[in-house]
Every structure is written in structure tokens, then in C-alpha cells.
Amino acid sequence: MELKSIDFKSMSMCKSVGMEGLMKFSSSFLDSKLMFGVNVAPSFCSHRGLLTKASYSSTSYDATRSFSKKNFLEDTFSYKINGTNHTSLYFQDKWLLDASDDEYGGVLVNSDRLPSDPDKFTFVLRASLSHWKVKGKKGVWLKLPLEKCDLVPFAVKEGFQYHHAERGYVMMTYWIPEEPCMLPSNASHQVGVGGFVINDKNEVLVVQEKHFTPALSGLWKIPTGFIHESEEIFTGIVREVQEETGIDTEFVEVMAFRHVHDVAFQKSDLFFVCLLRPLSKQIMVDDLEIQNAKWMPLVEFVEQPLIQEDDMFKKIIDIFIARLGKRYCGLSVHQLISKFDDKLSTLYFNTVDDPNLNCQAS
């Protein structure tokens, strides 16, 4: 094993070569090793504060040995950063993060093959960013799983920004071109649903929640909740009603929806008011969220002071009553496949000539 040192202080001419020249040299350097079986100390160009002193070591190979270039490029590569030993791999002739191209000219870093060591991560991340810049790449998506969260501050120091986070990871992004960033922002909305369930006795299914603001004390309201990830509106409201009250229902249509901003952590909110048909009668209250639930006569529900005093609630009630009187038609569910993405999508639209909807245009 032979150890070679590389002193970056004496390499001023490298700055004029640029990273592209460095990458070409890296490839030719590896080719020469394969041909002659010798160890050569290559020159490296500094980039964005690359550490000032590094060294590498590798096994001296006999030129007469039979092995492929591919196998060699996947061989172990050992180096030192500030006196600390590290080991990495050759990635396609260079020290690069494993990544794939996206359809918008950017790259998606493979989170399963990220180095665990922060110094090694920083070293390879810098080289990768330089390589992607030479290649004309744009956005970089770096997904750091929970078990590698200690790499987050090192990515931040290299210019990465937070995009969004889930339970098991944080997604970070980096925009390479010196132009306005075109990466899409994080999700801007949360989606809520509320269900009007009315039986053949003209009674509305209502609940009182365990947790509420003082202004809503005493209010009997329709069951509400949030749509889960990858969940349809029409299945989400059926689930919410069943979870809170134990009542099985059938989705009929969306009667209206509300759009409001700056609701939770500066996010906007879409709330869909749905009409459902009950398929069962026996109420079973969810003790975690619901204080009480019952079937309430429609007139009594409408006459609640909190509803009469609120313009939004009153308008929703007006729409609901108009729908019961067949003077209003909501948006029913239609599932279609689009050629744009070849995926099954749900389109909600008004169909006044559908006899199953039992409504007519006013």
C-alpha cells in the first residue's frame, strides 16, 4: 500500500483548468493506472472551499493482472481529509453521489447510497455539485432519511435549502443555474371534508367534538376531517363519517367547497362540503375525538344560534336545503384516464340529466 499526499496550496494553475478539465484528467488518470499498473499522485482543483489538504492511497496493480475497468472503478478508494482516514468508491470515474436524472433536467440523489460519514458526505457532495454544473443540470433533490439527519447541517452549508419534511425524512433542494429557481414549492394546501348525512326521517347526523374553541361551545356540527395522502375526496369523507360516528354512508356529491388562506402554519385550506346517503342507523361514537353524536331534526339543526349568526354556515345550509328540494345539483364523481399521464383521475362535475342524482337545473 502506497500513500500519496496532495497539497492544494501549490496548485494555483488548477483554478484556470476548471472542473471539466479535472473530470477529463480523472478519467485519463484511471486509464493510465489500468495500463501501466503504477500509482500516480493526480492534481485536484479546489472548488467552493474544498478542504486544503488531502491524501489518497490505493493498491499498486500489476499490469499483467486480468480484470475489467468496471471492476477497478468500483474498487475501494482511501483518502485523508485533515488527517482523518476515509474510504469511498469510484463512481463512474469520479467521486460522485449516486443519482439519476429527472425529466426536468435535474437530478435525484439516491438516498439509499449516501455516505454516513459527514466529512466523506461533504467531500463527495461538493464534487457532485461541480460535476452536475458542468453537465448543465438544474435542480438537485436530496432526500435525507431520519437515520442520516446528522448530514442536514452539512448540506445546508453547501447551499441546500429545506423543501419539505415527512415523518421519515427531510427533502432538500439546490438550484444550480444562476437564474431564478424553477423548482416547485412545497404543497401549499391542506384538504378538509365535511359530510351532510340525512336519513329518511329528515334528520341530520351531527357531532360535538371533544376539542373545540370556546366560540363553538355547544355547537352540533356535521362530521369533518382531513383527507389522507393519496386518498380521494369521496372516499375520505365516507371514512371520516364512519370513524367519528360508526355510520356507513354512500357518497352522493360535492355540494360546495370553501377556500381560505393562512390557516395552519401559513398554509391554505380547501374544504369540501359533501352530501352522503346513510347505509346504517346505529351510532358508535369515536371516544378519541367525539364527545357525542346523534340524529338531529333538520329544523333544529338549522336554528342553532351559531349557524344563524354565521354567513358561511347559513349559505351552506341554504345550498343543502336547495339540494334536498331538487333545486340545486352538486358535483358528482367521474373517474377518467387522461393521456397526459395515463393515470386514473377523479373529475367532479355537474350532471343534471343523470336520473340517479335526483336533481334538476333551476
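The values are calculated or read from the model by the stated rules, or taken from the named source; none is laboratory data. Note that the structure is a prediction, hence the values are computed from the model and not measured. We place every Cβ from the backbone using ideal geometry, glycine too, and count neighbours over all the protein chains shown. Just so you know, the surface numbers come from the protein's heavy atoms only, side chains and all, with ligands and any DNA or RNA stripped out. Shrake-Rupley method; radii C 1.70, N 1.55, O 1.52, S 1.80 Å.
Things to note:
- Built amide H within the under 5 Å cut-off of His163, gap 5+: Met171, Met172, Thr173
- In terms of its C-alpha gyration tensor, the range 191-244 comes out oblate, because a/c is 1.5 or above while a/b does not outweigh b/c.
- An oblate overall shape is assigned to the range 88-177, the ratio a/c of its alpha-carbon gyration tensor axes (a ≥ b ≥ c) being 1.5 or greater and a/b not exceeding b/c.
- Rounded, prolate or oblate (a/c below 1.5 giving rounded, otherwise prolate when a/b exceeds b/c) for the range 239-344 by Cα gyration tensor: rounded
- Listed cross-link partners Lys157/Lys343; Lys148/Lys210; Lys210/Lys281; Lys148/Lys267; Lys210/Lys326; Lys138/Lys343 are compared with a 32 Å cut-off, the Cα-Cα value being larger for Lys157/Lys343; Lys148/Lys210; Lys210/Lys326.
- Separation of the range 245-269 from the range 191-230 is 10 Å, based on Cα centroids.
- ³J(HN,Hα), Karplus 6.51/-1.76/1.60, whole Hz, each residue of the range 273-281, x for Gly, Pro: 8, 10, 9, 10, 9, x, 10, 9, 10
- For the range 99-156, accessible area per residue (1.4 Å probe, heavy atoms of protein chains only), Å²: 48
- The range 206-362, accessible surface, carbon-and-sulfur percent (1.4 angstrom probe): 56
- Rolling a 1.4 angstrom probe over the protein heavy atoms with all chains in place gives the range 203-329 an accessible area of 57 Å² per residue.
- Per-residue Karplus couplings for the range 198-215, computed as 6.51 cos²θ - 1.76 cosθ + 1.60 with θ equal to phi - 60°, are listed in order as 10, 9, 6, 9, 6, 10, 9, 6, 10, 9, 10, 7, 6, 10, 7, 6, x, 5 Hz, Gly and Pro entered as x.
- Summary of packing: across the peptides 162-169, 103-110, 274-281, the per-residue average of other C-beta atoms within 10 Å ranks them, highest first, as 274-281, 103-110, 162-169.
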